[in-house]
Amino acid sequence: MSQSIDSQVVSAIRVLSIDQVEAANAGHPGLPMGLAPAAYVLFSKVMRHAPSKPHWINRDRFILSAGHGSALIYSLLHLYGYGLEIEELKHFRQLGSKTPGHPEFGHTTGVEMTTGPLGQGISSAVGMALAEAMLAARVDQAGAKDIIDHHTFVFASDGDLMEGISHEAASLAGHLKLHKLIVLFDSNSITITGDAHLSCNDDVRKRFEAYGWNYLLVEDHEDLEEIERAFNEAKANTNGPTIIEYKSVIGYGSPNKAGKSTVHGSPLGAVEASAAREFYGWNHGPFEIPEEIYQACQSSVAAGEEAAAKWQASYDASASAVKAIIDPTPVTADEYYAAIADFDPAKAIASRVSSKETLKQLSLAHLDIVGGSADLAESTGTNMGFDFVDPSDYLGREINFGIREHAMGACLNGMTLHGGFKVYGSTFLVFSDYVRPAVRLSAIMNLGVNYVFTHDSIAVGEDGPTHQPIEHLAALRVMPNVRVMRPADANEVAAAWSVALAERHFPSALIFSRQNLPLITPKDGTEWVNRDGCHVVYGGDNCDIVIFSTGSEVAMCVEAAKALEAEGISVKVISVLWRERFLDRYRSNLDELTNGAATMVVEAGVPSGWEAVAPDENIIAMRSFGASGKGPEVQAHFGFSSENIANRVKKALGKA
Ligand SMILES: Cc1ncc(C[n+]2csc(CCOP(=O)(O)OP(=O)(O)O)c2C)c(N)n1
Ligand SMILES: [Mg+2]
């Protein structure tokens, strides 16, 4: 009996995925074999997408949160005409191929985000859906109704839903009533260890309904009509996001491995693969796809292609105000800086406060800047008086992420991937650990996300060691692509924000103080930041010693330098706003800055990474956790006072 074209395409997705894993002799065939029917229905009958315009902003998004099933996405991108050649599938997981082990954003056209770390995909999808809602509200207000109107679809596995971040993100999505977010839960009850119930017996329905989500169930995984009905019902919901529990069988079609964890992370093997082909009724060789299957896939996207072309015409005809919302013109660091050049605090203020003033002025001048905080907006200075984003009104500018740092980071990634916004999110530096896996994805995906981390050192005082970041600057600095900037005063805050916002391809971590800082650095514009990462804030070229310092500690170095002058010791102080850029530029030619003079480092964090700049005995740093007490007393206790710095300089110069 000849099979319907529908079931032939489903088989093609399954077999192509099996073939990739067999060819690589590595990978995960189980997920694609289980999810192929849902993937087929989504790509052919539900999703509005145009493979020839993969960056069309109004396309429906598809996120394979369970990135280990990457063979599935590659099969789909190949069959539906995203330009992923069969040769690439044959080189699955090989160096230099377009088919890496886990889907990588920016590497393979059609991959919307990098996934693999479980939980990140579903959580970033919340950010994508939020960006859609916020952008739609803005263009609606500008008179272009429905020009932004699309869905975000996610395939998520047991592991995705077990990860804590999925709780944070799903709770936020329910609160924000992001009804265009549709998650298909691959409910195969299998994880690596075996039966998922060995470790988890959550009632997924109750869990998601408690968040304010809609719940739908697909019991027969091979019933394409039932799947389509579920997707359409999910699309019709307007009261909140929807989760579709799809009762699948991992490795479906493999006579001996289906339903078992052994099909999770290793190839079927030649014998089992051919048994599965037989089960599907598939008579073609490896990587052999009959022409009518390509035709079926590609004709199913004709409607999406047409929609994209129509959309382009209405975009082209729309008012420039609408275009500016959808595709904001890139702004240079100097242009940002111009919007804040006048800011001149008359007195010493905390860098979190100058950040607030700076960001407020920038946000007034540039409407695409949006962001929020993990319930610390007042403390971190991201409460600038703009309206909140609210489930009944997405026009707001400030997002209450709640006490959900990890989901905040994932949402910032999702919003940036979606397009239309420049985003920031804030919390205390000490809690950067809670968002770190999302920061890592910002860095891997080359996203210009801005993280605001305040309360930057032991100077926070009374809250004690749990709230005093010690190793966090170092921990952020070791992550490739992350620009960690720790300004010394309001002038450097302005420069740092300008550079960070202008950056489209690297995340920034902006580190601000809780305590007041005097204005001690020159208004040097922005160019020096990207070029040198540092600038001289005190002293001249012929000096006895050069002190390199960052953030809050720079002012006490300047004070020490002034005191030492009276004793005939000349000191140059260099503020290292962005250490990694400074090291790139000067690591092997520090003499350009020191002219052979002695060197010292002063920073209230662990000394890691400063070895290249000063000998260990000349590094004033934290070598233990901090302590609870009044901020200045705690600082002095650990050696961060102008008196101690002056003494250490004298010792270093043999004049003590
Ligand atoms: C954060 C994180 N922890 C652990 C892993 C390793 N890992 C990959 S898949 C997986 C679980 C597999 O179970 P499930 O999510 O149900 O996927 P399935 O086997 O059903 O495809 C684990 C623990 C990971 N990718 N990410
Ligand atoms: Mg599973």
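The values are calculated or read from the model by the stated rules, or taken from the named source; none is laboratory data. Not measured: the values here are computed from a predicted model. Please note: Cβ atoms are built from the backbone with ideal geometry, for glycine as well, and neighbour counts cover all protein chains shown. Accessible surface is based on the protein model in full, side chains and every heavy atom, while ligands, DNA and RNA are left aside. Shrake-Rupley method; radii C 1.70, N 1.55, O 1.52, S 1.80 Å.
Observations on the structure shown:
- For segment 257-278 versus segment 42-107, the inter-centroid distance based on Cα atoms is 23 Å.
- Rounded if a/c under 1.5, otherwise prolate or oblate - segment 430-503, Cα gyration tensor axes: oblate
- Inter-part distance, segment 228-247 to segment 392-457, computed on C-alpha centroids, equals 28 Å.
- Alpha carbon convex hull of segment 77-227, projected area averaged over orientations, nm²: 11.5 nm²
- With both labels modelled 7 Å from their Cα along Cα-to-Cβ, the Asp541 to Asp616 distance reads 3.5 nm.
- Estimated distance in nm for a label pair at Glu278 and Thr238, the labels positioned 7 Å out from Cα along Cα-to-Cβ: 5.4 nm
- Overall Cα dimensions of the chain - principal axes, largest extent first, Å: 99, 55, 42
- Anisotropy class of segment 174-266 from Cα gyration tensor, a/c 1.5 cut: oblate
- For the chain, the longest principal axis of the Cα atoms and the long axis of helix 351-365 meet at an angle of about 50 degrees.
- In straight-distance terms, cross-link reach from Lys422 covers every one of the lysines whose alpha-carbon lies under 22 Å from its own, apart from those fewer than eight places away in the same chain; here that gives Lys180, Lys323, Lys356, Lys360.
- Take the Cα of Ala365, step 7 Å toward its Cβ, do the same at Asp202, and the gap between the two points is 4.4 nm.
- Accessible area of Thr466 in the full protein assembly, 1.4 Å probe (Å², nearest 10): 100 Å²
- Computed in the context of the full set of protein chains, the accessible area of segment 506-573 at 1.4 Å probe radius has 46% of its extent on carbon or sulfur.
- Accessible surface of segment 50-202, 1.4 Å probe, proportion on carbon and sulfur as whole %: 50 percent
- Radius 13 Å from Cβ of Met622, net charge of other residues (Lys, Arg +1; Asp, Glu -1): -3
- Take every DSSP beta bridge whose two residues both sit in segment 346-483; close to 5 percent of them are antiparallel.
- The angle between the Cα long axis of helix 164-175 and the longest principal axis of the Cα atoms of the chain comes to about 80 degrees, rounded to the nearest 10.
- Taking a ≥ b ≥ c as the square roots of the eigenvalues of the alpha-carbon gyration tensor, segment 417-461 is classed prolate because a/c is 1.5 or more and a/b outweighs b/c.
- Cross-link reach is defined here as a Cα-Cα straight distance under 14 Å, omitting same-chain residues fewer than 8 places apart; for Lys523 the aspartates and glutamates meeting it are Asp334, Asp342, Asp344, Asp489, Glu492.
- With the alpha-carbon atoms of segment 256-331 aligned to their principal axes, the span from lowest to highest coordinate is 61, 32, 20 Å, starting with the largest.
- Building the convex hull from the alpha-carbon atoms of segment 499-656 and averaging its projection over directions returns 9.9 nm².
- Enclosed volume per residue, in Å³, of the convex hull spanned by Cα atoms of segment 1-146: 116 Å³
- Under the criterion of Cα pairs below 8 Å and six or more residues apart, the relative contact order for the chain equals 12 percent.
- Nearest-ten-degree value, helix 302-316 long axis tilted from longest Cα axis of the chain: 40 degrees
- Karplus-derived HN-Hα couplings along segment 458-473 (A = 6.51, B = -1.76, C = 1.60, θ = phi - 60°), whole Hz, x at Gly and Pro: 4, 5, 5, x, 3, 5, x, x, 5, 9, 9, x, 10, 9, 6, 4
- Computed with a 1.4 Å probe over protein heavy atoms only, the accessible surface of segment 509-656 comes to 41 Å² per residue.
- Note on exposure: Phe388, Phe506 ranked by accessible area (1.4 Å probe, complete protein assembly) read Phe388, Phe506, with the most exposed listed first.
- Proximal aspartates and glutamates to Lys45, defined as alpha-carbon separation beneath 13 angstrom and excluding residues fewer than eight positions away on the same chain: Asp6, Asp60, Glu225, Glu226, Glu228
- For the chain, the antiparallel share of DSSP beta bridges with both residues in that region comes to about 15%.
- The mean accessible area for residues of segment 175-302, using a 1.4 Å probe and ignoring ligands and nucleic acids, is 48 Å² per residue.
- For segment 274-358, carbon and sulfur atoms together expose 54% of the accessible surface, with a 1.4 angstrom probe and every protein chain in place.
- At R0 = 60 Å, FRET efficiency that the Cβ-Cβ distance of Ser7 and Ser379 yields, to 0.05: 0.55
- Rounded to whole numbers, the Karplus 3J(HN,Hα) couplings from phi for segment 601-616 are 10, 10, 8, 7, x, 4, x, 3, x, 8, 4, 6, 10, 8, x, 3 Hz, using 6.51 cos²θ - 1.76 cosθ + 1.60 with θ = phi - 60°, and x at Gly and Pro.
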